[in-house]
Amino acid sequence: MRKKPDTIFLGVLLIVFICIFSAAAADENSSTGKYRLVWNDDPMTTVTIAWDQLRGNNPVVYYGQKDFGRDWMKYPNSQKPTRIVPNYRGMNNTFAKLKELQPDRAYYFIIRDSESMSRRFWFRTAPARPKPFTFICGGDTKSSGTAHEAGILSNKMVARLRPLFVIFDGDYCSGNGTSAERWQLWLNDWANFTIAKDGRIFPLLPVHGNHEDGDKSVLNKLFNVPYQNKDDENIFYSVSFGHKFFHFIALNSQVNPEGLQRKWLERDLESHKKFKYIFAAYHKPFRPHTGRKPNKDFQYEQWAPLFFKYGLDIALEGDSHMSKITFPVRPSNEPGSSEGFIRDDKNGTMFIGEGSWGATPRPSDDDKPWTLRSGSFNQIKWIQVFPEMNGNPSHIDIRTVITATRNKEGKLVSHIEDVPALSEGREFIVPANIDLYAPPPYGAVITYPFVEKVSRRETY
């Protein structure tokens, strides 16, 4: 792992303070803020734009496929808010759901109200056909200290790597998810650091974590995330794109894993079993890879057999504040199994995670016989998905991007400062100076389906 000088810690602090003060100054001049995009329906044709309406009245989103900058009158389409959640966590959370969009297209937009106009942003819809794409996933951030600063470093990697979307796997703030100040900090950080310099915003797919348990409806009220059975605490949902190519399932480890959720999960898996790839995310891992977290046996009993029955490909887990990737495994109590799993490269599910987007890393001291690799550092997973092309089989490449470590004195060490931002259309290029976790024997890229092979060298 390449470590930067400890003096970067002071630089990170300076950047944090500058951005906080800059955000405050911007809020004084703008009537909207805390911008975020969410995929909570068909990502090929819809997107939800969300923001905090600080002042002013009658906001309208003006948008189209051609970039007219801030000349709002030239945009061919407009959308008034489709939902408002006022005075929640100290914000007027405003949502505009754009519908009938075209797949795999860039859309530009501004938000205009009675007082001011936002800067011009843009996003890309999901493809309707199998097509290569990248995404970032991870979770667990905190609201103060070096853990907060480390989360900002991971946020910055989002803007530099330009994924199609981001899966955030729970635990957004310190505490129990009811602090207005901490949620405003998280949303300001997201807007300030994950939006690319050209205004591109990357849609979120939010997942509920245990630090949101103080209000289990919080993701619905801040991100307009779907829920089930007319109960906004039952936050689990799924989205698909690419003509039976990629299906994502957001589960909720903080509500009952059996009953309603298990039945919903089985129906969802059954109805999408013909998709090429099925990817699930939930917060609490079945089998944590740090000794400081207990196994989740009941959750394992409810979900793991369904994962195997319907061929779940990859599961993202969080909570433990460290990094892991397993070999593909299936549930088993036969000889050779360990903690209810046995390696099965042909039919198994690969489990990745476990958090540490910003939260202080815990020791990776509980590997299993079926653990491929683990480590203790701040990290995100950068995933590239490829359909069958030019005679090459469909596959998923998984990279673990190290964003921060701590030195012997416990000070934060940044691993991102010399990583250049990728340009539009070059999202599959591995940027110079990126710090990828690459212990032997498999190197920096772990490929699913997994096949034993000599590690391949990254080309920077």
Right, Val85: farther than 18 Å from Arg120 by Cα, touching a strand residue (DSSP E or B) at 6+ places or on another chain (Cβ under 9 Å) and assigned to a strand (DSSP E or B) or not? yes
Please work out if Pro206 is within 29 Å of Tyr63 (Cβ to Cβ), in contact with a strand residue (DSSP E or B) (Cβ under 8 Å, 6 or more places away or on another chain) and surrounded by fewer than 24 Cβ atoms within 10 Å (Cβ to Cβ). no
Go through (1) in the same structural domain as Ser376 (by TED's automatic domain parsing); (2) closer than 30 Å to Val430 by Cβ; (3) part of a loop (DSSP other than H, G, I, E, B) for Asp104 and report which single condition fails. (1)
Within the range 371-380, can one find any residue that is touching a strand residue (DSSP E or B) at 6+ places or on another chain (Cβ under 9 Å), of a type in the set (D, E, K, R) and within 22 Å of His247 (Cβ to Cβ)? no
Within the range 188-207, identify whether any single residue is of a type in the set (S, T, N, Q) and not in a loop (DSSP other than H, G, I, E, B), and answer yes or no. yes
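Rundown of residues vs (1) in the same structural domain as Met322 (by TED's automatic domain parsing); (2) closer than 22 Å to Met322 by Cβ; (3) touching a helix residue (DSSP H, G or I) at 6+ places or on another chain (Cβ under 8 Å), yes/no style:
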| site | (1), (2), (3) |
| --- | --- |
| Asp365 | yes, yes, no |
| Ile416 | yes, yes, yes |
| Ala421 | yes, no, yes |
| Arg426 | yes, no, no |
| Ile434 | yes, yes, no |
Need pairs with beta-carbon distance below 9 Å; first residue over 21 Å from Leu153 (Cβ atoms) and within the range 371-389, second modelled with pLDDT under 95; sequence gap 6+ or separate chains. Phe386/Asn392
Matching entry among Phe327, Phe377, Phe341 (being surrounded by fewer than 24 Cβ atoms within 10 Å (Cβ to Cβ) and more than 21 Å from the chain's Cα centre (by Cα)): Phe327
Complete set of residues in the range 223-276 that are farther than 22 Å from His211 by Cβ, part of a helix (DSSP H, G or I) and not hydrophobic (A, V, I, L, M, F, W, C): Gly259, Arg262, Lys263, Glu266, Arg267, Asp268, Glu270, Ser271
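The values are calculated or read from the model by the stated rules, or taken from the named source; none is laboratory data. Being a predicted model, the structure only gives us computed values, none of them experimental. Heads up, the Cβs are rebuilt from the backbone with ideal geometry, glycines too, and the neighbour counts pull from every protein chain shown.
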